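The values are calculated or read from the model by the stated rules, or taken from the named source; none is laboratory data. Note that this is a predicted model, so its numbers are computed, not measured. Here Cβ is always computed from backbone atoms with ideal geometry, including for glycine, and neighbour counts include all displayed protein chains.
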Amino acid sequence: MTKSGAAANLTDPGKTKSVVIVGGGTAGWMTAAYLKAAFGDRIDVTVVESAHIGSIGVGEATFSDIRHFFEFLRLEESDWMPACNATYKLGVRFEDWREPGHHFYHPFEQLGSVDGFPLSDWWLRMPQSSRFDRDCFVMAALCDAERSPRYADGTPLAQGVFENVGGGQSARSNIAEYQGAQFPYAYHFEAHLLAKFLTKYGTDRGVKHITDNVVDVALDEQGFVSHVDTAENGRLSGDLYIDCTGFRALLLKQALGEPFVSFQDTLPNNSAVALQVPMDMERKAIRPCTTATAQDAGWIWTIPLISRIGTGYVYADEYLSAEDAEKTLREFVGPEAADIPANHIKMRIGRSERSWVKNVVGIGLAAGFVEPLESTGIFFIHHAIEQIVRYFPGGRDDDVRRDAFNRSIEHVMEGVREFLCLHYVGAKRADNQYWKDTKTRKIPDALAERIEIWKHKVPDSESVYPYYHGLPPYSYNCILLGAGGIEVKHSPALDLADPTAAQVEFDRIRLKADKLVQELPSQNEFFAAMRANA
Ligand code: FAD
């Protein structure tokens, strides 16, 4: 980092007109594409990415909110899904978190309520089976039966939620507009193909793309970045700099020295080993969910794509060596894993104290990361991009907007931290030191208080983390009642209430699930039909 005596870089202090994005992974290209979609030619966007420093190469499962990202870019599924080998995801399937052989889902489906009580509360009072998820959500049956969320002719299973909120004027929306709604599915895609797709999207719309290494970051006398130096393309300067350099956090941490708030004390998994396993998906079922299978020192993700499976073991290096993690992962995958190179990753778990400092905004791994148990990495990116557009800097004197942005990023990450901690403290599994420690490890104080409440009253909007973090109360119900390690009681009022309407609702869910399982194609059938019609 160098200090420059040069005057402030702003050509017009009243306006931010040029943005330099350092880093071209998922975060860099999602940001570039979105800024162009938002501001068109009224803004200059440059992406500089290194040819030598690779992107992380993982990050292939998403949240259902991702739909707003593609919608904002005015992209249809048929525009981008085939190019990214994408598949549908109806939720997360958790295997062996309660006990070996058990599984449950966290689906993309809101929980119903009857007579003012969440269906989960009624389920505790009158379980229809041992499966909370199957009794309370239609999606769990679709995941078990490996169905596609679209009919063979392309019609989505829940037509109503796909109608746009712009009164037909615009096909665009953002997460904030839909916070009460829940889309029934998200996507899996190949991360490098998405970056490639978005590179073309961005450069077609005027994003300047430079392949080079940033070797120095210069600050002016006020501590703002005045320019960055590249190895071969000289000096790049802009009004706003977006740090998308991954865990390196070249601008935010290395140049500006912003402190990092580690989550390691509450979320100890800090390592991963990943494999990309080619599969003949025409023969193997494409499960419509991400699977998280509990292991001795963490868990293994399985993400089915069109031509391969993305898989990896997320673990705590305090309990397991990298060598043993790779061995376990290879055994888990079976013979298909032979000869495939493994990608070992050290994860920096936590968040930058502030994501926006001076004229630098960190997005993606540079700003923070929690283990990918609920596929929140790309959601963090998407959320941050929407917030930067919302709070877009007018000039340097922008403390109020900067603070609002930083609060919103902090809330999202701290809320997700609580939610992830619940998976471990709430899992019944306690069969070795790793899992025993999950029951005694420090958790955020507020979560500990909430759990005491949830033992007597299932999570609702009044008792979950109070700020927006992408996870509605139903998500907490899924983990609490699915993972099974915390005993939850139903409300005494339900012993006195008439259960007829609740029974009708349970019956309706079962009948609807049975009908959809019969009607919907498998993902294999759906994508085969799509290819045939292309
Ligand atoms: P990177 O991919 O690391 O990209 C960094 C970029 O910066 C690269 O282009 C590099 O060339 C460039 N760069 C670095 N230094 C310089 C320099 N000096 N000059 C120029 N360029 C430079 N998220 C999900 O949503 N779902 C998941 O299932 C999921 N799984 C994950 C599993 C693991 C094990 C990990 C670690 C993460 C996972 N994530 C997941 C998170 C997701 O991978 C990231 O959020 C996402 O890929 C964004 O990464 P990034 O672009 O911030 O960083």
> If Leu73 passes every condition in (1) of a type in the set (A, V, I, L, M, F, W, C); (2) closer than 26 Å to Phe247 by Cα; (3) in contact with a Leu (Cβ under 9 Å, 6 or more places away or on another chain); (4) more than 11 Å from the ligand (Cβ to nearest atom) but one, which one does it miss?
Replying inline: (2)
> Considering only segment 33-67, how many residues are more than 8 Å from the ligand (Cβ to nearest atom) and either in contact with a Cys (Cβ under 9 Å, 6 or more places away or on another chain) or β-branched (Val, Ile, Thr) (or both)?
Replying inline: 5
> What tally of residues in segment 101-122 results from selecting those that are acidic (Asp, Glu) and within 24 Å of Ala186 (Cα to Cα)?
Replying inline: 1
> Of all the residues that make up segment 40-64, how many are touching a residue at least 40 places away in the same chain (Cβ under 8 Å), surrounded by fewer than 22 Cβ atoms within 10 Å (Cβ to Cβ) and not β-branched (Val, Ile, Thr)?
Replying inline: 7
>> Of everything in segment 312-323, what is in a loop (DSSP other than H, G, I, E, B) and either on the phi > 0 side of the Ramachandran plot or more than 15 Å from the ligand (Cβ to nearest atom) (or both)? Give them in sequence order.
In response: Glu318, Tyr319, Ser321
> Mind checking whether some residue in segment 161-172 is modelled with pLDDT under 95 and touching a strand residue (DSSP E or B) at 6+ places or on another chain (Cβ under 7 Å)?
Replying inline: yes
>> On the basis of being polar (S, T, N, Q), touching a residue at least 12 places away in the same chain (Cβ under 8 Å) and crowded, with 24+ Cβ neighbours inside 10 Å, does Asn359 make the cut?
In response: yes
>> Let me spell it out: the conditions are (1) surrounded by 19 or more Cβ atoms within 10 Å (Cβ to Cβ); (2) in contact with a Gly (Cβ under 9 Å, 6 or more places away or on another chain), and Cys84 meets all of them except one. Which number is the exception?
In response: (2)
>> Considering only residues that are over 25 Å from Pro288 (Cβ atoms) and surrounded by fewer than 17 Cβ atoms within 10 Å (Cβ to Cβ), which ones fall in segment 101-123?
In response: Ser113, Asp115, Gly116
>> Suppose we filter segment 242-285 for residues that are surrounded by 21 or more Cβ atoms within 10 Å (Cβ to Cβ), hydroxyl-bearing (Ser, Thr, Tyr) and more than 12 Å from the ligand (Cβ to nearest atom); how many remain?
In response: 0
> Which condition breaks for Ser375 when tested against (1) touching a residue at least 40 places away in the same chain (Cβ under 8 Å); (2) more than 8 Å from the ligand (Cβ to nearest atom); (3) under 28 Å from Ile309 (Cα atoms); (4) surrounded by fewer than 24 Cβ atoms within 10 Å (Cβ to Cβ)?
Replying inline: (2)
> Which ones in segment 443-471 are surrounded by fewer than 19 Cβ atoms within 10 Å (Cβ to Cβ) and assigned to a loop (DSSP other than H, G, I, E, B)?
Replying inline: Pro444, Lys455, His456, Lys457, Ser461, Glu462, Ser463, Pro466, Tyr467, Tyr468
> If you take just the strands (runs of 3 or more DSSP E) that sit entirely in segment 324-413, which of them hold at least 1 residues that are of a type in the set (A, V, I, L, M) and closer than 23 Å to Phe247 by Cα?
Replying inline: 343-346, 360-362
> Pick from segment 291-306 the residues that are part of a loop (DSSP other than H, G, I, E, B) and away from the ligand (no atom under 15 Å from the Cβ): which of them is farthest from Cys84 (Cα to Cα)?
Replying inline: Asp296
>> On the basis of being within 16 Å of the ligand (Cβ to nearest atom), farther than 24 Å from Trp80 by Cβ and without any contact (Cβ under 8 Å) to a residue 40 or more places away in the chain, does Ile309 make the cut?
In response: no
>> Can you find, within segment 55-99, the residue that is nearest to the chain's Cα centre (by Cα) among those that are under 19 Å from Ile286 (Cβ atoms) and of a type in the set (Ser, Thr, Tyr)?
In response: Thr62
> When residues of segment 97-144 are filtered for being outside any helix (DSSP H, G or I), in contact (Cβ under 8 Å) with a residue 40 or more places away in the chain and of a type in the set (D, E, K, R), how many remain?
Replying inline: 4
